[in-house]
Amino acid sequence: DQQVKQNSPSLSVQEGRISILNCDYTNSMFDYFLWYKKYPAEGPTFLISISSIKDKNEDGRFTVFLNKSAKHLSLHIVPSQPGDSAVYFCAVYSTGTASKLTFGTGTRLQVTL
Amino acid sequence: GAGVSQSPRYKVAKRGQDVALRCDPISGHVSLFWYQQALGQGPEFLTYFQNEAQLDKSGLPSDRFFAERPEGSVSTLKIQRTQQEDSAVYLCASSSLIRQLSGANVLTFGAGSRLTVL
């Protein structure tokens, strides 16, 4: 069973516009949420995170929103740049169990000129 | 080193062969993780080491998979009698923190070893 879902396998956005990547999870025990970015032939790199006590965290062009009641988080990138083209994974874990990161299946973002 | 280093980057094995994948974590990092990423999927947890102790191996898919970190630094993931379903990218990650995950604990991933089993 898929505990973390990214229902959009791909997304294409024009440079300068907003990119919105979505992630849904099933287990309410998850209380820490992260986004990783992955370029081809490289490992995932940490982008931004949010704990369950917040509903928004911002870092430059990147903002993560958390809706606990809907078990939904999203990553907003504005303005989008061509260098943002990559695969984005959401990842979740439960601090209570200090368990492993559970990743979504990823969304490939293409930022076009 | 500056980052997590994995070797080989690419490995082609015939079904039934044994393979060994190596991970050099960031120097001084206590925690080390192995993940398996199948094509089109997200990384899936395999196992976790704190120094030389393997504290969690719940993600290893079968007893053909074995991981070790004898001196608390370099780790090796061994797959015996490889099968086609073992084809994947094997990612290693390390962290300076003792607890596997804590707060915004950032795992630093290597570039991975891509295994293709024919």
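The values are calculated or read from the model by the stated rules, or taken from the named source; none is laboratory data. Everything quoted here is computed from the prediction, not taken from an experiment. With ideal geometry, Cβ positions are generated from the backbone for all residues, glycine too; neighbour counts draw on all protein chains shown. Protein only, heavy atoms only, side chains kept; ligands, DNA and RNA dropped before computing areas. Shrake-Rupley method; radii C 1.70, N 1.55, O 1.52, S 1.80 Å.
Can you pull out the residues in segment B:37-79 that are basic (Lys, Arg) and open to solvent by less than 60 Å² (accessible area, probe 1.4 Å)?
Taking segment B:37-79 as the starting set, the residues that turn out to be basic (Lys, Arg) are B:57, B:64, B:69, B:78.
Result: B:64, B:69.
Restrict the check to segment A:80-91 and report whether at least one residue is in contact with a Pro (Cβ under 7 Å, 6 or more places away or on another chain) and among the charged types (D, E, K, R). Quick ask: steps written out before the conclusion?
Applying the first criterion (in contact with a Pro (Cβ under 7 Å, 6 or more places away or on another chain)) to segment A:80-91 yields A:89.
Of the ones still in play, those that are also among the charged types (D, E, K, R) are none.
Looking through segment A:80-91, none of the residues is in contact with a Pro (Cβ under 7 Å, 6 or more places away or on another chain) and among the charged types (D, E, K, R).
Looking only at segment B:80-101, filter to residues that are within 11 Å of another protein chain (Cβ to nearest Cβ) and exposed (fewer than 14 other Cβ atoms within 10 Å of the Cβ); which one of those is modelled with the highest pLDDT?
If we take residues in segment B:80-101 being within 11 Å of another protein chain (Cβ to nearest Cβ) and exposed (fewer than 14 other Cβ atoms within 10 Å of the Cβ), then B:98 is modelled with the highest pLDDT.
Quick check, is residue A:58 in a strand (DSSP E or B) and surrounded by fewer than 17 Cβ atoms within 10 Å (Cβ to Cβ)?
Values: in a strand (DSSP E or B): yes; surrounded by fewer than 17 Cβ atoms within 10 Å (Cβ to Cβ): yes.
In short, yes.
From (1) farther than 25 Å from residue B:59 by Cβ; (2) among the hydrophobic types (A, V, I, L, M, F, W, C); (3) touching a strand residue (DSSP E or B) at 6+ places or on another chain (Cβ under 6 Å), pick out the condition that doesn't hold for residue A:70.
Of the numbered conditions (1) farther than 25 Å from residue B:59 by Cβ; (2) among the hydrophobic types (A, V, I, L, M, F, W, C); (3) touching a strand residue (DSSP E or B) at 6+ places or on another chain (Cβ under 6 Å), the odd one out for residue A:70 is (3).
Can you confirm whether segment A:50-65 contains a residue that is at pLDDT 95 or above, on the phi > 0 side of the Ramachandran plot and away from chain B (no Cβ under 14 Å)?
Checked against the condition, which is being at pLDDT 95 or above, on the phi > 0 side of the Ramachandran plot and away from chain B (no Cβ under 14 Å), segment A:50-65 yields at least one hit.
Could you check, for segment A:85-108, whether at least one of its residues is charged (D, E, K, R), over 27 Å from residue B:8 (Cβ atoms) and more than 9 Å from every other protein chain (Cβ to nearest Cβ)? First the steps, then the outcome.
Kept after step one, since they are charged (D, E, K, R), are these residues of segment A:85-108: A:100, A:108.
Next cut, over 27 Å from residue B:8 (Cβ atoms) only: none.
No.
So which residues in segment A:14-46 are farther than 14 Å from residue A:102 by Cβ, at the interface with chain B (Cβ under 10 Å from one of its Cβ atoms) and either open to solvent by less than 70 Å² (accessible area, probe 1.4 Å) or part of a strand (DSSP E or B) (or both), if there are any at all?
Those that are farther than 14 Å from residue A:102 by Cβ, at the interface with chain B (Cβ under 10 Å from one of its Cβ atoms) and either open to solvent by less than 70 Å² (accessible area, probe 1.4 Å) or part of a strand (DSSP E or B) (or both): A:38, A:41, A:43, A:45, A:46.
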